[in-house]
Amino acid sequence: MVFSNLIFLCLFLPANILLYYLTRNPAWRNGVLIFFSLFFYAWGEPVWVTLLIFSATIDYFHGKICEKYTGRWQAKAAVISSLVLNLGLLGVFKYSGMAVESLNALTGLSLPVPAFSLPIGISFYTFQTISYVVDVYRGQVRAQKSYWRFFMYVSMYPQLVAGPIVRYTDVAEQIDSRHTTREDFVKGISRFCAGLGKKVLIANLAGDFASQYLDGDLTSLTTAGAWFGILMFTLQIYFDFSGYSDMAIGLARLFGFHYMENFNYPYISQSVSEFWRRWHISLGSFFRDYVYIPLGGNRSHTFRNLLIVWFLTGLWHGASWNFVLWGLYFGLLIFLEKQFLQKLLQKLPHILRHFYLLFAVTISWALFYFTDLSRLWTFLQTLFGVQGAGLWDVQLEVELLNNLFWLIAAVIGCLPLLPWAREKWKLLQKPGWAPLFESGVGMAWNLLILFLCVAFLAGQSYNPFLYFRF
């Protein structure tokens with residue numbers, strides 16, 4: 001099940017909200033969330049609920065061991081055990097096929113390739129439980145005494161299948177005691193509707209365009225068509241993933257949880273380093289705190305540390321070598337920026353620094369999109385006019401003219417213009433009228449988005465979600 005689904009919007013979510021708020025006892029409310037989370041997860045893959053339960057259970061006990069034996073070898077053994085078991089499961093289900101295929105290609109063997117179906121969200125909840133055990137070991141948080149509260153933390157469906165990666169330290173107090181205010185509920189609904197609009201009204205259409213231009217015969221693609229296709233994917237992946245994060249943050253707030261922001265308008269960045277401080281913030285901070293800094297960070301062996309982190313970042317996104325290439329591409333650019341490129345960029349006008357970032361990121365999405373490296377090479381040649389069916393085509397011109405207003409709206413959605421306008425509007429209102437006016441306009445806006453999304457979903461067959469494969 002996904003959030004941009006009529007069953008979720010019309011049946012699952014209303015039932016969950018109704019039962020949650022009809023239940024007054026905090027323990028029973030937690031039970032409601034656990035029940036709906038397991039039902040949500042089992043909707044698509046009921047068998048892998050057992051894997052989720054196993055991961056949560058072993059790390060609940062690992063955390064208790066780390067706290068009980070603080071500073072002793074048993075605590076370190078618990079951390080090692082957690083890493084081996086969790087990363088071992090992740091490796092088997094996600095990377096065993098890639099490993100065997102690579103071995104066959106290198107040695108000429110014909111070993112059977114494992115064909116596991118990837119458990120949805122395993123990359124996210126694995127990192128969550130690992131971060132919990134490590135934080136308890138470091139003494140940054142107390143181990144959760146209640147198994148069911150810990151299981152609720154791991155299984156919460158808003159972030160279960162596609163993040164953000166929620167650290168236990170950020171929500172520990174909310175797990176034990178929380179109260180949902182009227183403001184939480186209103187802002188939660190607004191945030192969810194904003195994310196739903198991003199996903200359904202922008203990402204789906206952008207993805208449809210990207211598929212039309214990038215999935216066919218690349219030799220018949222024009223240079224302009226190649227740029228249009230990859231720019232549509234650039235829009236799709238941002239609005240798809242940031243939209244899902246918005247929906248997750250909004251849903252969590254309905255139930256009293258305050259998740260960290262996961263995107264902060266990354267396409268306005270002026271360097272790759274800044275881009276990754278704004279894009280998928282929870283993943284970047286995870287690798288920074290649990291891999292990069294323990295390796296030595298900027299203090300020693302910076303190049304080695306960056307390569308390791310970005311190799312793992314790329315590999316985390318998928319069991320294919322193009323993702324590794326994508327990660328190393330960013331790692332190299334960040335290293336060059338640290339060495340000298342950032343100083344050169346600072347001498348350029350803001351607009352040129354911004355174009356540098358957009359160009360670098362757009363090329364990276366080509367590496368990300370094409371899992372077949374031969375198709376990637378063909379596409380890059382077409383992108384830069386080395387081959388292909390010419391520079392321009394009439395069909396693209398028609399597409400641009402027919403979708404001009406949608407394109408403008410999509411570009412505006414990448415910029416922090418709406419929050420800026422909202423703040424300016426507040427300043428113009430009289431103090432007594434501002435909250436009332438804002439809530440009325442906000443409710444009307446949310447209803448409009450919800451109506452449009454339901455209408456689009458009822459007539460759409462194309463409703464993918466990119467990050468389910470991670």
*What helices does the chain have that are whole DSSP H segments, at least 20 Å long along their own axis by Cα, and with mean Kyte-Doolittle hydropathy of 1.0 or more?*
26-42, 73-90, 321-336, 350-369, 434-459
_Segment Glu261-Thr50, extension gain: residue separation times 0.36 nm, minus the distance between their alpha carbons_ = 73.0 nm
*Based on the Cβ-Cβ distance from Leu295 to Trp321, what FRET efficiency comes out when R0 is 22 Å, to the nearest 0.05?*
0.45
*With Kirkwood radius over Cα pairs in Å in mind, check (1) 24.1; (2) 23.2; (3) 21.9 and report the label derived from this structure.*
(1)
_Shape parameters for the stretch 273-351, alpha-carbon atoms, Rg then Dmax in Å_ = 13.0, 39
*Which value, in Å², gives the accessible area per residue of the stretch 7-46 when a 1.4 Å probe is used on the protein heavy atoms?*
55
*Subtract the Cα-Cα distance of Gln212 and Asp170 from 0.36 nm times their separation in residues, and report this length gain in nm to one decimal.*
11.0 nm
*Could you provide, to the nearest whole Å², the per residue accessible area of the stretch 80-215 with probe 1.4 Å?*
41
*Once the principal axes of the Cα atoms of the stretch 19-108 are found, what is the range along each, listed largest first in whole angstroms?*
63, 42, 14
_Rounded to whole Å, sorted largest first: equivalent-ellipsoid semi-axes of the stretch 303-407, Cα gyration tensor_ = 29, 21, 13
*Could you give the C-alpha radius of gyration of the stretch 68-186 expressed as a fraction of 2.2 N^0.38 Å, taking N as the number of residues it contains?*
1.37
*Sort out for me the Cα centre separation of the stretch 317-373 from the stretch 4-23, rounded to whole Å.*
41
*Multiply the residue gap between Arg304 and Phe340 by 0.36 nm, knock off their C-alpha separation, and tell me the result in nm, one decimal place.*
11.2 nm
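Take the alpha carbon gyration tensor of the stretch 185-245, find the square roots of its eigenvalues, order them as a ≥ b ≥ c, and report rounded if a/c is under 1.5; if not, report prolate when a/b exceeds b/c, else oblate.
Prolate is the answer for the stretch 185-245, as a/c is 1.5 or above and a/b outweighs b/c.
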*Expressed as a whole percentage, what fraction of the accessible surface of the stretch 72-139 belongs to carbon and sulfur atoms when a 1.4 Å probe is rolled over the protein heavy atoms?*
70
*For the stretch 165-280, just the Cα set please: Rg and Dmax, both in angstrom.*
17.9, 60
*Can you give the calculated 222 nm mean residue ellipticity of the chain, where each DSSP H run of n ≥ 4 adds -39,500 (n - 2.57) and the sum is split over every residue, rounded to the nearest 500 deg cm²/dmol?*
-21500 deg cm²/dmol
*How high is the FRET efficiency from Thr23 to Asn104, r the C-beta distance, R0 35 Å, rounded to 0.05?*
0.05
*Label Trp445 and Val411 with points 7 Å out from Cα along Cα→Cβ: what is the distance between them in nm?*
2.2
*How many angstrom separate the Cα center of the stretch 255-271 from the Cα center of the stretch 34-91?*
27
*asked:* Can you order the peptides 12-24, 108-120, 241-253 by their average number of other Cβ atoms within 10 Å per residue, highest first?
replied: 241-253, 12-24, 108-120
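Sorting check: for 53-61, 226-234, 299-307, which peptide has the highest mean count of neighbouring beta carbons within 10 Å, and how do the rest follow?
Per-residue Cβ counts within 10 Å, averaged per peptide and sorted highest first, yield 226-234, 53-61, 299-307.
The values are calculated or read from the model by the stated rules, or taken from the named source; none is laboratory data. The model shown is predicted, which means the values in this text are computed figures rather than measured ones. Note that we place each Cβ from the backbone using ideal geometry, even for glycine, and neighbour counts take in every protein chain shown. We work out accessible area using only protein heavy atoms, side chains counted, and drop any ligands, DNA or RNA first. Shrake-Rupley method; radii C 1.70, N 1.55, O 1.52, S 1.80 Å.
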